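The values are calculated or read from the model by the stated rules, or taken from the named source; none is laboratory data. Bear in mind the structure is a predicted one, so any value in this text is a computation, not a measurement. Cβ sites come from the backbone with ideal geometry, for glycine too, and all protein chains shown count toward neighbours. The accessibility values were calculated without ligands, DNA or RNA, using every heavy atom of the protein model including side chains. Shrake-Rupley method; radii C 1.70, N 1.55, O 1.52, S 1.80 Å.
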Amino acid sequence: MSGKFKSWFLQRFPIDTQKTSTVMEKIFIKEPIPKHMKYWYYALGATPLILFLIMVFTGILLTFYYIPSPAKAYESVVYITEEVSMGFWIRGIHRWGSNLMVIAMFLHMGRVFFTRGYRKPREINWVLGVLMLLVTLTLCFTGYSMIYNQLSYWATTVGTNMIKEIPLIGAPILYLLRGGEDVTANTLTRFFNLHIGFLPTILFILIIVHIIFVRMHGVAKLEDKEDEETYSFYPEHFYHTLIIGLFLLAVLSALTVIMPPGLGEQANPNVTPPHIKPEWYFFAVFSVLKFVPLKLGIYFFTALIIVLTFWPFFDDFIRRKWQVRRIHYWVGSLTIILFLFLTVFEIIVQ
Amino acid sequence: MAENNSLRTQKLLVGIFSILLVIILIIVAFVEMKVTRDAKPVIEISGVNKNCVTCHTQKGIAVKAIDHWKQSLHAQQNISCVDCHTAKEGDFDAFYCPESDFLVARHPTPKDCAECHEQQVQEFSASKHAHQFWLIKNTDRSVFEIPIATKNGCEQCHHIGNLWPDQSVGECDACHPKHTFSKAVARQPETCGECHVGSDHPHIEIYLESKHGNIFRAQEKKLDLNYATKNNTPIPIDIPVCTTCHMDGNETQPMTHNVSERLAWESQSAWSFRTVWLEEKIGDWKMKRSRMEAICKSCHSPEFAEMYLLTADFTNLQYNEIRRMFVRWTKKLTENGTIKRLEKDGKFYSDPVLTGWDEVPEIAMYHAWHHEGRRFRHGAMMMGADYTQWHGIWDIQKGMVEMLTWAAEKGDSEAKRWVESTDPIKFAPYALFDIPGNPWGINVLSNTLPYVYNAYPDYWDLIYANVKTVYDHNLLSEKQWQMWEKKYKDKEHYLGYKYNADSVFKYYQDLDSKDTKAFTEQAVELKLPSKPFWIW
Amino acid sequence: MDKESSPELTRRNFITKFVMSGGLIAGAVLLLRNSLSFIFPKIEPPLLRKLLIGKVGDLQPGQAQEIPFGESILYLINTKDGYKVFSSVCTHLGCIINWESYRSRFYCPCHKGIFNENGEVVEGPPPRPLDEFKVEIDKNLIYMWIEEKSGGLS
């Protein structure tokens, strides 16, 4: 019976099973992993991927109940949180997952940065990584505005207003994003579309390309240790990943109970609450923008993003021109210190 | 080998984390995030009422009335505008809504309310709230209190018993405000206090001064007065508001809109008398009193409630004796021409036993009934000590002194003799009622003080005879008489005579002598160098 | 190599495997269970609201009366078996039926569906009787029970 079915199946789907399994084995099972990856710190790359999958799963579930209209959005979030069985859990995982995803990406990037994993010939994968960070942050921003409570509504208003400051293209982009002059029903549906359709697709494609690049180049070996021994992906690294996944799920689930996602007050376009705050990972940006003129701030961060994106090339250029070998240490440490300082400052200020 | 161990460790870690996840997921599955919120019912506006609401909203006429209606239970049950404002051609209050062909009723009356709330309207119209007494038995007050005043004054409150052209009596929204018809507002003591306030019957003040009112104020925020009480269920609040005792039901009493069903006295009347109001329908005064007691006993011990009410009953009986004295004097002075009645074309406009406005005895007699006399009695019935005492008997006695002083000045020899008398008993020119002890406890020494207790060895025998007489006249129930007799027989106990607390009392006497010494030094004997500015 | 096959080690291997696979399976099952309960939430019984629709005696036996409620119309009918309330929506394709008092029947103009005074299909395409609402008589007042629309947040 099964033999019959197998032949029927293979006639319709002429897959060379022999070859496929060889390829699979070569690509996944036997993927050579450098010895240093046994240290946890070096294995953070899988974390954002696992979180992405969790986010996709919980996100799809949330769309079962979420209604992207100003009149119903907040109510439906309340409904999900309070009425639907396990609703607070799904929503909590999605909410905390977004935070952990940002942290995981920061950590992964930090590791790659300090070990110069982006060095030739892997510059393009770093660029892809930065793009993924930007897409993720945009996902966080659009996702936050879905709740449609006072804070998220005004964070959306203020956040999108900044786009206007970008010269020339700012105003049209703002109009495009908001679907009008103000944050309205159009804005919510557009953000909803971005959040569940466009951006996840982009992120998904970027992830695939990112992984393909990793496989093509092989995992970067430590600098000055190019002859490092390797071990195969399965079983050890597989378990590694599995443990990370389980750990994340447990932490996220625990967080939903310990710190359940809040609801706040329903958005009221006529009343601006006294303290509007973005999510914590925007605190540093928020803090700088408070102290410098808005235009200057926008230019500054645009420049920063460009430098960050093309850092491997800058790094290479600087190293060759001035023969400084440890420049990335200084730049990285300074960035982290500044980021932490501004974030903590903003937390203390409120 | 080491390889293998580390792999096993990893597998074990997978297991451990899985189990951790399982534990957390189980916890998650039992967490309840639901917050109870009151769902705001969706109010549907149906049929022709849509036109009412649309037009009223557009023109801005009584829009709040619509908002109020939307909060009502009526709105939730699809009872809308025309259900109450229904009118037939020729109805006294029928009119066409401007620019439309809607015939609507301007004043829904109890007749309209009775369409659904028949029992409530019937009960109400059998209550003294609906009684027309203020038109039946009264002198024409407007000779003194001009019509515009009686309109905005008397009539506004007495509108609760309005007699409508459609023969129905009453005004439901006097207590159930339009258009929410809220039960909670109707139960709010201040609703009763809209009328039951002020010098003639300060019931809201008495209530708020009583323990009942005080605790109500303290707990007010957490009380929900919007409860149903018609099904012989326990009183759902822990402290009574006005309606709790006078209207709401408990396990034994049905809820009623007849506020007269539980009142045993006509204590607002010029003479206190045991009520005969609709006896044949709702029973005699004893039946009515037993209803009230049944409510009292929801919270109080039977002994306390009965003793309390009996003590208060004696203020009503005592009041009559005081009034007898006032009436004797106003009648006497009218008969001998000292007081002249208002008269026009053979009709009198003042009355020596009801009202008069220009001579001191008339005013004193009127006040001793309509103001002080009621405060004296109602303060006692509803725990308003201050109203029985300072706003009650004090003012009554003051009126008596003024009346007799006036009569003496006018040459009345009896009055003169009274004014000149130095006998302390002169302030009791009437018979007395009393009860040994009080409902609250035994006071060892307070009963050693009263003059009559000491000066009249046969005091309690005189009182006994008076109480026996009112009992024989059916003004006290059998049970009340027995209760009084018990106190009488054991008065050494109830008056505290057989107990000795002299040593404790001595302690306070010593403290008091220190006070006396202190004010003597600080005030009485203080001499200032400057002389008075006005020299006598 | 021989240590590998020692019974102690095999038992340890077995326990490890048991803990791992057991934990994984239990975790997966619970994840699935919690997710499914999200997808198929408990439907709470709808809130019912009591509407006052008439007084006993106002409606002659065998007669029906329109009851407007919000945007919809309901029919109160005084049948031999007591008062009944029906939806005016035809069970065929959702047209609004009319009461024809001279024939004591409900008639749907769209496809000639006919219902009798008990809401049962007499003729035409409607697949099932008219939707009926619960009626309650309290003293002389007629009430009906209708599902509460989901209220706004207060």
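General remarks:
- Spans of helices (runs of 4 or more DSSP H) in the stretch B:166-229 with at least 2 residues without any contact (Cβ under 8 Å) to a residue 24 or more places away in the chain and within 19 Å of B:C299 (Cα to Cα): B:211-219
- Subset tally (residues that are outside any helix (DSSP H, G or I), open to solvent by less than 60 Å² (accessible area, probe 1.4 Å) and not polar (S, T, N, Q)) for the stretch A:27-74: 9
- The conditions of being open to solvent by 90 Å² or more (accessible area, probe 1.4 Å) and either in contact (Cβ under 8 Å) with a residue 60 or more places away in the chain or over 22 Å from A:I103 (Cα atoms) (or both) are not met by A:W330.
- Test: residue in the stretch B:25-36 that is modelled with pLDDT under 80, of a type in the set (D, E, K, R) and in contact with a Ser or Thr (Cβ under 8 Å, 6 or more places away or on another chain): no
- For the stretch B:87-112, the set of residues classified as closer than 30 Å to B:E123 by Cβ and either loosely packed, with under 11 Cβ neighbours inside 10 Å or among the acidic types (D, E) (or both) consists of B:K88, B:G90, B:D91, B:D93, B:D112, listed by residue number.
- Residue that is surrounded by the most Cβ atoms within 10 Å (Cβ to Cβ), among those in the stretch A:154-180 that are in contact (Cβ under 8 Å) with a residue 24 or more places away in the chain and outside any helix (DSSP H, G or I): A:E165
- From the options B:W390, B:W357, B:W440, residue that is closer than 24 Å to B:F144 by Cβ, surrounded by fewer than 16 Cβ atoms within 10 Å (Cβ to Cβ) and among the hydrophobic types (A, V, I, L, M, F, W, C): B:W357
- If you filter the stretch A:332-348 down to residues that are hydrophobic (A, V, I, L, M, F, W, C) and touching a helix residue (DSSP H, G or I) at 6+ places or on another chain (Cβ under 8 Å), you find that the one that is nearest to A:H108 (Cα to Cα) is A:I336.
- Check on B:Y471, within 30 Å of B:S301 (Cα to Cα), aromatic (F, W, Y), assigned to a helix (DSSP H, G or I) and touching a residue at least 40 places away in the same chain (Cβ under 8 Å): no
- Residue match in the stretch B:130-150 (condition: farther than 24 Å from B:H179 by Cα, in contact with a Leu (Cβ under 9 Å, 6 or more places away or on another chain) and β-branched (V, I, T)): yes
- Taken over the stretch B:73-107, the criterion of being within 30 Å of B:P41 (Cα to Cα) and in a loop (DSSP other than H, G, I, E, B) is satisfied by B:Q77, B:N78, B:I79, B:S80, B:H85, B:A87, B:C97, B:F102, B:R106, B:H107.
- One residue stands out in the stretch B:113-145 among those that are aliphatic (A, V, I, L, M) and in contact (Cβ under 8 Å) with a residue 24 or more places away in the chain: the one that is most open to solvent (accessible area, probe 1.4 Å), namely B:V143.
- The C-beta contact set for the stretch B:507-525 (first residue outside the structural domain of B:L445 (by TED's automatic domain parsing) and open to solvent by 70 Å² or more (accessible area, probe 1.4 Å), second residue part of a helix (DSSP H, G or I) and at pLDDT below 95, distance under 8 angstrom, 6+ apart or interchain) is empty.
- Condition check for B:I148: β-branched (V, I, T), open to solvent by 90 Å² or more (accessible area, probe 1.4 Å) and part of a helix (DSSP H, G or I): yes
- Residues being in contact with a Leu (Cβ under 8 Å, 6 or more places away or on another chain), at the interface with chain B (Cβ under 8 Å from one of its Cβ atoms) and under 30 Å from A:T81 (Cβ atoms) - total across the stretch C:34-65: 1
- Meets criteria (among the basic types (K, R), open to solvent by 20 Å² or more (accessible area, probe 1.4 Å) and either under 20 Å from B:E485 (Cβ atoms) or in a loop (DSSP other than H, G, I, E, B) (or both)) for B:K281: no
- Here A:I50 meets the list (1) under 27 Å from C:S37 (Cα atoms); (2) more than 14 Å from chain B (Cβ to nearest Cβ); (3) under 13 Å from the mean Cα position of the chain (by Cα) almost entirely, failing just condition (2).
- Residue in the stretch A:174-192 that is over 30 Å from A:P293 (Cβ atoms) and within 19 Å of the chain's Cα centre (by Cα) present: yes
- Looking at A:M109, A:M132, A:M146, just one residue is more than 22 Å from A:H195 (Cα to Cα) and among the aliphatic types (A, V, I, L, M), and that residue is A:M109.
- Among the conditions (1) among the acidic types (D, E); (2) facing another protein chain (nearest Cβ under 10 Å); (3) surrounded by fewer than 17 Cβ atoms within 10 Å (Cβ to Cβ), the only one that B:E44 does not satisfy is (3).
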